[in-house]
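A short reminder: the numbers here are calculations on the coordinates, not readings from a lab. These numbers come from a predicted model, not from an experiment. Cβ sites come from the backbone with ideal geometry, for glycine too, and all protein chains shown count toward neighbours.
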Amino acid sequence: MAGGIQNIGKIPELNRRILFTILLLAVYRIGVFIPTPGIDAQALAGFFNQAKGTLLDFVVMFTGGALERFSVFALGIMPYISASIIIQLLTVVVPHLEKLSKEGESGRKQITQYTRYGTVALSLIQGLGISIGLESMKGPAGELVVQMPGWGFRIVTIITLTAGTAFIMWLGEQITERGIGNGISLIIFAGIVARFPTAVGNTFSLVKTGEMNFLFVILLVAMMVAVIAFIIFVELGQRRIPIQYPKRMVGRKMYGGQSSHIPLKVNSAGVIPPIFASSLIIFPATAINFIDLPWLKSIANGLNPTGGIYNALYAGLIIFFTYFYTAIQFNPNDVAENLKKYGGFVPGIRPGPNTAEHIDKILTRLTLWGAIYLAVVCVLPSFLIGWWNVPFYFGGTSLLIVVGVALDTAQQIESHVLARSYDGLLKTGRLKGRRG
């Protein structure tokens, strides 16, 4: 590991990419502390203190604390993710979008442009709903959160929040193109990690006041290490389908057949399903909590993070998006066609449709276990909060995103190192998937 890290310093381009990524993430964190005009910060803080343990607390985690401060980045990156979900779902049913998705780089750019338009539209809608809801909100002492209600405040808030989300979207795209790792995932990663010190501080405060046993904290830390190890174990897990290429004649020489494999990950979808599922729940939840209507409040109370309805909905969405995203990313028919084109075959399986069916059968079983794994890990915090009164979202979506993004970024850094003939970050070689 140390030797690989030293080699990173020998690659100027990689150094620039890492520094560029860190600087843009720092810009994002600075923006989290820039408040939106017209808000009474103390009254707003009192409102969020009353909302502890509700779904709104989960929303705050995904915005990196920006919503809690109602900064210019209060909407976070969730409108972009929601727009991405909508566009990807439409790609399956709208012929024009389906055609664009198959046109390579030019089609991808056009779809990205549609996603940007959708992000702005969703931000405008959410900004309007939140600004109207804020005008009726009061702090613990009955003071109004909005100092000067009216359309002036609403327009300023809509423009500010929409511009903030558009800027975050731009930061994420710049990190992806000119930095290292996936920009959108890294922005979510930065927001989650930034709240860890607060969670640790709250835990120690509970220990000092006697509300939490010190031995329980040790048990919690041990459980966290075990969950991290389990996530890494599954994320690197693979099912390798053997591929054989026949002997071929080149000139007057006969070259022997080669053996290879198709690596199918246990969790092919990565952290995308939990992020998508969270976005679909967070999008209406954000508006509901800022609108003072009794029937909407009852819906918000029913979606309590420790409740059965919320966990069943969340797990169901994760399983759905695991299958959906895997189907988009990996097409067994295309793989089978390419193998047949280049003379490759799975031993014991006929090339063509039979190979596609064989790969699809294995992929379906793997995706089932991957979906169950994601759902179990993501609902873990609800049980810990409900049963043991853990003061923060231990494990679950946050830990899964942190570990998944960290692994993905480490692999991308190592790819840059290996591409320039240096050793990888691990002395044993690349961060290979564990064979299943």
Quiz prompt | Under Karplus coefficients 6.51, -1.76 and 1.60, residue-wise ³J(HN,Hα) of region 82-95 in Hz, glycine/proline x | solution = 4, 5, 4, 4, 4, 5, 5, 5, 5, 4, 6, 10, 9, x
Quiz prompt | Summed side-chain charge close to Gly270 - residues other than Gly270 whose Cβ falls under 11 Å, Lys, Arg +1, Asp, Glu -1 | solution = -1
Quiz item: Around Arg239, which amide H atoms from residues at least 5 apart in sequence, or from another chain, sit under 5 Å from its own amide H, with H modelled in the peptide plane?
Solution: Leu264, Lys265, Val266, Gly436
Quiz item: For Ser71, which sequence-distant residues (separation of 5 or more, or a different chain) have an amide H within less than 5 Å of its own amide H, given hydrogens modelled in the peptide plane?
Solution: Thr36
Practice problem: State which entries of Lys10/Lys265; Lys99/Lys340; Lys138/Lys208 exceed 27 angstrom in Cα-Cα distance in the structure shown. | Solution: Lys10/Lys265; Lys138/Lys208
Quiz item: Applying the Karplus parametrisation 6.51 cos²θ - 1.76 cosθ + 1.60 with θ = phi - 60° to the phi angles of region 406-412, what ³J(HN,Hα) value in whole Hz is obtained for each residue in order, glycine and proline being reported as x?
Solution: 4, 5, 5, 5, 4, 5, 5
Quiz item: Packing-wise, with mean Cβ within 10 Å as the measure, how do 227-240, 73-86, 139-152 rank, highest first?
Solution: 73-86, 227-240, 139-152
Exercise. Give me the distance between the Cα centres of region 160-186 and region 195-250, rounded to whole Å.
Key: 26
Quiz item: Could you give me the ³J(HN,Hα) list for region 148-158, computed from phi with Karplus coefficients 6.51, -1.76, 1.60 and θ = phi - 60°, whole Hz, x at Gly and Pro?
Solution: 9, x, x, 5, x, 5, 5, 5, 4, 5, 4
Quiz item: If the label point is 7 Å along Cα→Cβ of Trp369, which residues in region 259-274 have backbone nitrogen under 11 Å from it?
Solution: 265-267
